[in-house]
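K.L.:
Quick one: the structure is below, questions incoming.
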Amino acid sequence: MSKVAFISGGARGIGAAIAYELAKDGYDIVINYLTSAKAADKLKAKLIEEFKIRVLCVKCDISYEEAVDEMIALVEKELGSVDVLINNAAVDLSNLFHLKNAKEFRRTLDVNVVGAFNLAKRVYPNMLKKEYGRIINISSTNGINTYYPMCIDYDASKAALISLTHDLAAEFAPYINVNCIAPGFIGTDNELEGYDEEFLKEEVDKIMVKRYGDPKEVAYLVSFLVSDKADFINNTVIRIDGGQMGSV
């Protein structure tokens, strides 16, 4: 039976690119989403047509522990236990600092950090039983030292996700490898939406390769990290940012 890869926030952007790449690698795919039902269904049809794999789309707010328990129980019933977990789902409620509030801050942390915790906690027992598992947390260079006060809550959540990576790696060793990817400026539709050309040029000028990244380039890295070729890579944070200035 094929291994099962679960991608939170897997219907669009980086998540969709990861789902596509892992499907190409032969994994059965679980696409978790909250609001992108049409995109999830479209991606499901594409993956089944191209790769003849099993695909399950599941709507779930991963910030709620009981909802995650129900979702993973469904996944295990339909496809089997999760072998690869990609914690990709995130919200970014960017706004001017003085307009932010604690409710938005908590929501960002609930999805971006607590959601990743809920999923890891639910899938790891079966990974330990099989003595195999891969968990990849999708953080950001914003969580290292690229600072944007207008997304202070997002930045804090991505830094917390890096810390979570280290703790989970220690807790789940030696059978489950837990790593973190920190993308820089990636050209997803959501990332590019609403920015004018001047801002985009300023951001590209900060990148040594003088372009923003493609979601599939993050997916290639995920594909490598969950493969046997990366079996000795654990508890690490890998930047994928084209040499972004200020994110060393």
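K.L.:
Test of understanding: given the chain, find the longest segment containing no GluC sites (Glu not before Pro) that are in a DSSP loop and have at most 12 other Cβ atoms within 10 Å.
P.N.:
Between the exposed loop sites, the longest stretch runs 1-130.
K.L.:
If you don't mind, another one. Please order ASP92, ASP69, ASP241, ASP25 by the number of other Cβ within 10 Å, starting at the fewest.
P.N.:
Placing the least packed residue first, the sequence is ASP69, ASP25, ASP92, ASP241.
K.L.:
Let me ask you something else. From the backbone phi of the stretch 205-214, what are the Karplus-calculated ³J(HN,Hα) couplings (6.51 cos²θ - 1.76 cosθ + 1.60, θ = phi - 60°) in whole Hz, Gly and Pro given as x?
P.N.:
5, 7, 9, 4, 7, 6, 6, 8, x, 9
K.L.:
Could you derive backbone 3J(HN,Hα) for the stretch 158-172 from the dihedral phi with the Karplus parameters 6.51, -1.76 and 1.60 (θ = phi - 60°), listing whole Hz in sequence and x where the residue is Gly or Pro?
P.N.:
6, 5, 5, 5, 5, 4, 4, 4, 5, 5, 5, 4, 5, 5, 9
K.L.:
Note down the relative contact order for the stretch 76-149 as a percent, whole number, built from C-alpha pairs under 8 angstrom at least six residues apart.
P.N.:
49 percent
K.L.:
Right, here's the next one. Label points 7 Å out from Cα along the Cβ direction at VAL237 and ALA173: separation in nm?
P.N.:
Calculated label separation equals 1.8 nm.
K.L.:
For a quick check: with amide H placed at 1.01 Å from N, whose amide H comes under 5 Å from VAL30's, ignoring anything fewer than 5 positions away on the same chain?
P.N.:
Here ALA5, PHE6, ILE7, LEU56 satisfy the definition.
K.L.:
Restricting to Cα pairs below 8 Å that are 6+ residues apart, what does the relative contact order work out to for the chain? Please round to a whole percent.
P.N.:
Dividing the mean separation by the residue count of the chain yields 19 percent.
K.L.:
Per residue of the stretch 29-38, what does 6.51 cos²θ - 1.76 cosθ + 1.60 with θ = phi - 60° give for ³J(HN,Hα)? Whole Hz please, x for Gly and Pro, Karplus curve as stated.
P.N.:
Calculated HN-Hα couplings, in order: 10, 10, 9, 8, 8, 10, 10, 9, 4, 5 Hz.
K.L.:
Considering the convex hull of the alpha carbon atoms of the stretch 143-248, report its projected area averaged over all viewing directions, in nm², one decimal.
P.N.:
Reported value for the Cα convex hull: 7.3 nm².
K.L.:
Further question on the same structure: Report the convex hull volume per residue for the chain, counting only C-alpha atoms, in Å³.
P.N.:
It comes to 125 Å³ per residue, whole-number rounded.
K.L.:
Antiparallel as a % of all DSSP beta bridges within the chain, to the nearest 5?
P.N.:
Beta bridges within the chain, antiparallel portion: roughly 5 percent.
K.L.:
Sticking with this one: Between the stretch 85-129 and the stretch 55-76, what is the C-alpha centre distance in whole Å?
P.N.:
14 Å
K.L.:
Still on this structure, I have one more. PRE reach from GLU203 (point 7 Å along Cα→Cβ): which of the stretch 62-92 fall under 14 Å by backbone N?
P.N.:
Counting only backbone N, you get 92.
K.L.:
Once amide H atoms are built 1.01 Å from N in the peptide plane, which residues 5 or more positions from ARG239, or in another chain, come under 5 Å H to H?
P.N.:
ALA182
K.L.:
Once the piece of chain linking GLU78 and PHE97 is laid out straight, how much longer is it, given 0.36 nm per residue of separation minus the C-alpha distance between them?
P.N.:
Stretched fully, the GLU78-PHE97 segment lengthens by 2.4 nm.
K.L.:
Also, quick follow-up: Work out, in µm²/s and without decimals, the Stokes-Einstein translational diffusion coefficient of the stretch 1-141 at 20 °C, 1.002 mPa s, Rh from Kirkwood over C-alpha pairs.
P.N.:
It diffuses with D of about 140 µm²/s by this estimate.
K.L.:
For the pairs LYS52/LYS216; LYS3/LYS121; LYS3/LYS44; LYS24/LYS201; LYS44/LYS210; LYS103/LYS158, flag any whose C-alpha to C-alpha distance is greater than 24 Å.
P.N.:
Over 24 Å Cα-Cα: LYS24/LYS201; LYS44/LYS210.
Since every read-out is calculated from the coordinates, none of them should be taken as a lab result. Predicted, not measured: the structure shown is a model, and the values here were computed from it. Positions of Cβ are backbone-derived with ideal geometry, glycine not excepted, and every protein chain shown enters the neighbour counts.
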